Structure formats: structure tokens, C-alpha cells
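Below is one structure, written out as C-alpha cells; comments come after it.
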Amino acid sequence: MPRKVWNYIMEKLENEGACHFSLLDPDPIKMTTDTVVEIAELAEKAGTDAIMIGGSTIFGMIDDAVDSITRAVDIPTILFPGNISGVSGKADAMFFMSLLNSTNPYWIVGAQALAAAGVKMAEIETIPMAYLMVAPGKTAAWVGDAKVFPRDKPKLALMYALAAELMGFKLVYLEAGSGADGGGVPSEFISTVSQFADIPVITGGGFNTAEDVIRGVEAGASIIVQGTYLEKHVVKDQGKGLEKIVSALKRAGKKRI
Ligand code: 1GP
């Protein structure tokens, strides 16, 4: 299996220091496929590096939406499945993820086992990713039976991140939950994990402003994910605000090279 998307990410990190990923939730209750596609196109124009597709509460089949988004943009599309219903063969790659601080084995390896044969048959590139939930965790933590890390306990995340690295995960995702308050995952989590773990940190959940994103990169995150911001602003301002956020992220990233 070629590592096209993984190599793209690694190259970007080497040359630009940090990446911006846009998360789209193709949930028909939230928005139409046309709107999701429009946001993806505007995000690409604004300079985002990849489109992640997924959500914790997906209603219906996502194949058509994934197909439409992948056809509409040149940057990679990466599945971010909240359950087996989030799997599709139409994306460029898939985060094959495990919610390591769940209390329910279904979210650690059960869903993955149910999906594995289909994923292999779809011949989609997979990127093994440890998924760690930090408070408040929001819907993803509720659905995923997570024992969320308290926001003042970064060492708990570090323990899990180091275990993830030793188990062979390629990325570690620090997640505060979509729509979380507080400007994203606390800096101490990002800096503690990125200082001691050798796998790149990807983080999301509440990063809404250029300042939040710069803070995340300066703390050591390699990839910052924004979802809610895109849903709220990108169509309205045709991506102007996102462009500024991505430029700010890239400037902060360059300082790390
Ligand atoms: C959610 O981390 C992502 O899984 C993005 O969070 O929607 O708060 O940007 P936001």
C-alpha cells in the first residue's frame, strides 16, 4: 500500500513546520452535501493542508459526501471515523484510530476489528493514530465512553502518548471535543506530550482564533484541526478569516524548522 498521504504530511511538516487540517462532518442534519463541498473548496483556497471527514454522530451513509469532497479538492481527504459507519473507500486515506482512554474496549479495538476486513478490501491508505480525550471531551467523549484527562493533568496524556508510540501508532491526537470552550487543548498537554513523545501531535477541539492556533503550534503541535470555526465562518466570509488563520499557523510553523 503506497504511503502517499503520510508522505505528503511528513514532507509538509519538514518544509513548513506545522499543518492545518479542516474537519468536515457530512451530517445531513447539520448541512447538505453541497455546503460541505463548498466549505472544502473554500478551505483549500484558504490554504488548509488536508480535509478530514468524520463526526461522532453520523446519520446515514457518507460515501456520496466523501466522494464529492474528494473530487472537488486537490489536497488529501482523510477519514476521521467516529464509528464503523464512518468508513468509506472514497477518501485518499483514513486515520485508523483507537480511543485509548476509553473505558469500553469497543472504542479501543472492537470497532476497528469489525471494520478491518472492509478497510483492507477498500485498499485505502491507513494511518494508525492514537486518539486521546482531554476534558471536556464533548460529544466524542460521551459517545466513546472516555475517561477524559482533567485539564490540569498533562502527565496522564503523556503516559498514554508514550504507550501509543511504543505500540506503533504514527500520530497522537489530543482532543478536547468539537466545540469545546477554552481555546483548545491546554498548552501544557501539547508541550508535555510533544517534548517527550517522538510521534507528531495533532490536536483539535476549540481552536477558534489565530491566537489559539499559534499557541498550539508554539506549544509543539504539528497539526491543528479546526471544524466548528469552518462551519460557522467559511461560507459567510468566503474563507477570508480562515486564510488569515492558516497564514498565522504557517508563520508560527516556520519558526520551528
Ligand atoms: C473535533 O478536534 C475536532 O474532533 C475539531 O474541533 O470543532 O472545536 O474545531 P472543533
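Across all C-alpha atoms in the chain, the radius of gyration and Dmax reach 16.5, 44 Å. Taking 0.36 nm per residue of separation and subtracting the current Cα-Cα distance, fully stretching the chain between MET167 and TYR106 would add 20.1 nm. Label sites at LYS45 and GLU16, each approximated as a point 7 angstrom past Cα along Cα to Cβ, lie 1.8 nm apart.
Placing +1 on the Cβ of every Lys and Arg and -1 on the Cβ of every Asp and Glu, with nothing else charged, gives segment 68-202 a dipole about its Cα centre of roughly 220 debye.
The tail of the calculated P(r) for segment 23-168, taken as Cα-Cα distances beyond 26 Å, holds 28 percent of the pairs. Give the residues of segment 129-153 whose amide nitrogen is closer than 15 Å to a point set 7 Å from the Cα of GLU188 in the direction of its Cβ. Output list for this probe position: 134-136, 149-153. Surface exposure of segment 1-96, expressed per residue as accessible area with a 1.4 Å probe, stands at 43 Å².
Over the residues of segment 99-246, compute the C-alpha Rg and express it relative to 2.2 N^0.38 Å.
Values: Rg = 15.7 Å, N = 148, 2.2 N^0.38 = 14.7 Å.
Taking the Cα Rg and dividing by 2.2 N^0.38 Å, one obtains 1.07.
Taking the charge dipole of segment 170-257 about its Cα centre, with +1 at Lys and Arg Cβ atoms and -1 at Asp and Glu Cβ atoms, the residue from GLN226, ALA252, GLY182 reaching farthest to the positive side is ALA252.
Which whole-angstrom value gives the distance between the alpha carbon centres of segment 184-257 and segment 13-45? Segment 184-257 and segment 13-45 have Cα centres spaced 14 Å from each other.
Report the charge-dipole magnitude of the chain in Debye, nearest 20, computed about the Cα centre from +1 at each Lys and Arg Cβ and -1 at each Asp and Glu Cβ.
560
Could you give the length gained on full extension between GLN195 and LYS4, defined as 0.36 nm per residue of separation minus the Cα-Cα distance, in nm? Walk me through the intermediate numbers first.
On the way: separation 191, 0.36 × 191 = 68.76 nm, distance 2.71 nm.
Gain on extension, GLN195 to LYS4, equals 66.0 nm.
If you wrap segment 162-216 in the convex hull of its Cα atoms and look at it from every side, the mean projected area works out to 3.7 nm². With kT/(6 pi eta Rh) evaluated at 4 °C and eta = 1.567 mPa s, and Rh the Kirkwood radius from Cα pairs, segment 60-106 diffuses with a coefficient of 110 µm²/s according to Stokes-Einstein.
For the chain, what does the helix formula give at 222 nm: sum of -39500 (n - 2.57) over DSSP H segments with n ≥ 4, over the residue count, nearest 500 deg cm²/dmol?
Working: 10 runs with 114 residues, N = 257.
It comes out at -13500 deg cm²/dmol, rounded to the nearest 500.
Cross-link reach is defined here as a Cα-Cα straight distance under 16 Å, omitting same-chain residues fewer than 8 places apart; for LYS12 the aspartates and glutamates meeting it are GLU44, ASP49, ASP74.
Note that segment 65-151 shows a convex hull volume over its alpha carbon atoms of 99 Å³ per residue. The residue list THR70, GLY82, LEU132 was ranked by how far each Cα lies along the charge dipole of segment 5-254 toward its positive end, using unit charges on Cβ atoms, and LEU132 comes out on top. Globularity index of segment 109-151 is 1.48 (Cα radius of gyration / 2.2 N^0.38 Å, N = number of residues).
The values are calculated or read from the model by the stated rules, or taken from the named source; none is laboratory data. What you are looking at is a predicted structure, and each value in this text was computed from that prediction instead of being measured. Note that each Cβ is placed from the backbone with ideal geometry, even for glycine, and that neighbours are counted across all protein chains shown. Heavy atoms of the whole protein, side chains included, go into the accessibility calculation; ligands, DNA and RNA do not. Shrake-Rupley method; radii C 1.70, N 1.55, O 1.52, S 1.80 Å.
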